[in-house]
Amino acid sequence: MRVFLAVSCFFLLFASARGASADVESPIDESEIVAILKAREGLAAVTAYMATRPDLFPPCAPAKKRVLTVTQSQEVRDLWVRFLDYQLSLDASWRLLDERKKEDEAPSSDFPNTRFEAAYATFLARYRYALEFIRLADADPTVRIVLNEPVAELGLPEHSYADFKFRYLNVAMASEFASLAASQPAVDWLVSPSERARLVEKAAPLKEAIEEDQRYLWKAGKEHGILNTLRNAGQIVQEGGAKAIFPMQKGVSEWMGQTRVASGGEFLMSAEQIAALHSRLRPGDILLERREWYLSNIGLPGFWPHAALYIGDVEERKDYFDTPEIHAWLKKQGIADGLFETLLQTRYADAYRASQQPDSANAAPRIIEAVGKGVIFTSLEHSAAADSVAVLRPRLSRLQIAQAVLASFGYFGRPYDFDFDFRTDEKLVCTELVFKSYRSEKGKQGLDWPLTNIAGRPVLTANNIVRHFDETWKTQTQRLDLIAFFDGNAHSGRAEESDLKNFRASWRRPKWHILLTESQESNRGGDL
């Protein structure tokens, strides 16, 4: 087996630091715990899938040098990018918690947990699964070559894997683990006996994660020696590591943490732009959105992370679906008055009631989308509050669009699918709602996008919707038209309406495009 990380120094550091205690800190919000656990689950899912693919990640170096196929290389890269996305999310959580730890504030939540445990859990998950990824990926030199290749559309520079190994196969990282492990409070979870009952229910998953990851790391320390780390250091230098060019070393995770704090705050799309966009929309339009604070973004590669379906309000639907063809179809469905609203209300009564409830700002719901809390109705004002927004219109008849809108109501209330698995309808990811609302079925012509595999599961990403649009433009298979594209510009601090050419190229942008653009603009400005 290839070299792993030796942590024998843990034991010396642990012995010297034992007895240290952590200050009791104010509780943290439960949503932060959810973000940590979801990112950890994502890392576990990626590495578990890697373990089932010895054809991609052999357990030992092949006897002969091999060449991966284009499909194999792409799958390795996609897994690598997805893994890094979860790592970046945990980095953001770590930095956010560390920053808040310095604040002198009163508890703002009754969630019975402290920032120390949350921060410690993020550290352990990052470290543990980094070592697991390296163990699975490092045996075959061919895989290492693929992981170190630059992939511009995924935002990966050259030698990114070597830089990643340098970060984690490092005595300093081992020392930090030992210090944190020794600093755990002696009192179990720093809560009073009366609070422990609630803690068991709400905080047990986090505590279990800490204990499991600790066991993994201590076991790794016992089984491997410090010399293995030093040997790895030589290999990393040969591969071009230690260059500090890896994106997560350039402030990406700090930026993610800051924008997560700004959840629901200011975005580059203005209220005036959203109001103007409304007049251009029709029921059935597909919105693609980019913002960084959605928990549901985690694990999806590419510039476009989110998709939503515009359904309009009652009056918009009455007007748009008032055609003889739709009236005839509705009567076949048993709707005597020939009104689409009657069919929605009859078939999906609970969803229909929910679609009529204004939001906290008294804005009417005109969007159905799948977000972290599940499939919901929301207002255009809320959904389009983003950094970049595009609108695509299917080349379908109004009847076919009415059938898609009807199908979307049937998914209301289902939980979000953090496993990104299109094989079941029980839970849905954002693009899955759009995909399944528009999929062709018996008696219903729709849109059929090609699916790709992410960790062995068939998925349609929002980024691939744009890619498919680009690749089918002006061909017989083109099924969508661009209605609007507002491109966020972090340097100017606003979204600017852009053109078809820029939209078609947008799927090639790295996930952290806005941050990199801002950095480039700043550097350019400094030369003036």
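The values are calculated or read from the model by the stated rules, or taken from the named source; none is laboratory data. None of the values given here were measured: they were computed from a predicted structure. Every residue, glycine among them, receives a Cβ derived from its backbone with ideal geometry; neighbour counts consider all protein chains shown. Note: areas computed on protein heavy atoms with side chains; ligands, DNA, RNA excluded. Shrake-Rupley method; radii C 1.70, N 1.55, O 1.52, S 1.80 Å.
Taken over region 17-55, the residue count meeting the criterion of being at pLDDT 65 or above, open to solvent by 20 Å² or more (accessible area, probe 1.4 Å) and assigned to a helix (DSSP H, G or I) is 13.
Within region 140-160, the set of residues being open to solvent by less than 20 Å² (accessible area, probe 1.4 Å) and at pLDDT below 90 comprises VAL151, GLY155, LEU156, SER160. The set of residues in region 365-396 being at pLDDT below 95, open to solvent by 40 Å² or more (accessible area, probe 1.4 Å) and assigned to a loop (DSSP other than H, G, I, E, B) consists of LYS373 alone.
Being out of contact with any Pro (no Cβ under 8 Å at 6 or more places or on another chain), surrounded by 19 or more Cβ atoms within 10 Å (Cβ to Cβ) and at pLDDT below 95 is a property that TYR416 has. Restricting region 495-528 to residues that are open to solvent by 40 Å² or more (accessible area, probe 1.4 Å) and modelled with pLDDT of 90 or more, which is farthest from ASP470 (Cα to Cα)? Only one residue fits best here, namely GLU496. Picking from ARG353, ARG280, which residue would you name as being in a loop (DSSP other than H, G, I, E, B), at pLDDT 95 or above and out of contact with any helix residue (DSSP H, G or I) (no Cβ under 8 Å at 6 or more places or on another chain)? Going through ARG353, ARG280 in turn, just one is in a loop (DSSP other than H, G, I, E, B), at pLDDT 95 or above and out of contact with any helix residue (DSSP H, G or I) (no Cβ under 8 Å at 6 or more places or on another chain): ARG280.
VAL405: part of a strand (DSSP E or B), open to solvent by less than 10 Å² (accessible area, probe 1.4 Å), touching a residue at least 40 places away in the same chain (Cβ under 8 Å) and within 25 Å of GLN273 (Cβ to Cβ), yes or no? No: the conditions fail for VAL405. Pairing residues of region 58-78 that are farther than 12 Å from ARG144 by Cα and free of Cβ contacts under 8 Å to residues at least 24 places away in the same chain with residues that are assigned to a loop (DSSP other than H, G, I, E, B) and open to solvent by less than 40 Å² (accessible area, probe 1.4 Å), at Cβ distances under 9 Å and at least 6 apart in sequence or on separate chains, gives GLN72/LEU56.
Considering only residues in region 56-68 that are open to solvent by 70 Å² or more (accessible area, probe 1.4 Å) and of a type outside the set (A, V, I, L, M), the one that is farthest from ASP419 (Cα to Cα) turns out to be LYS64.
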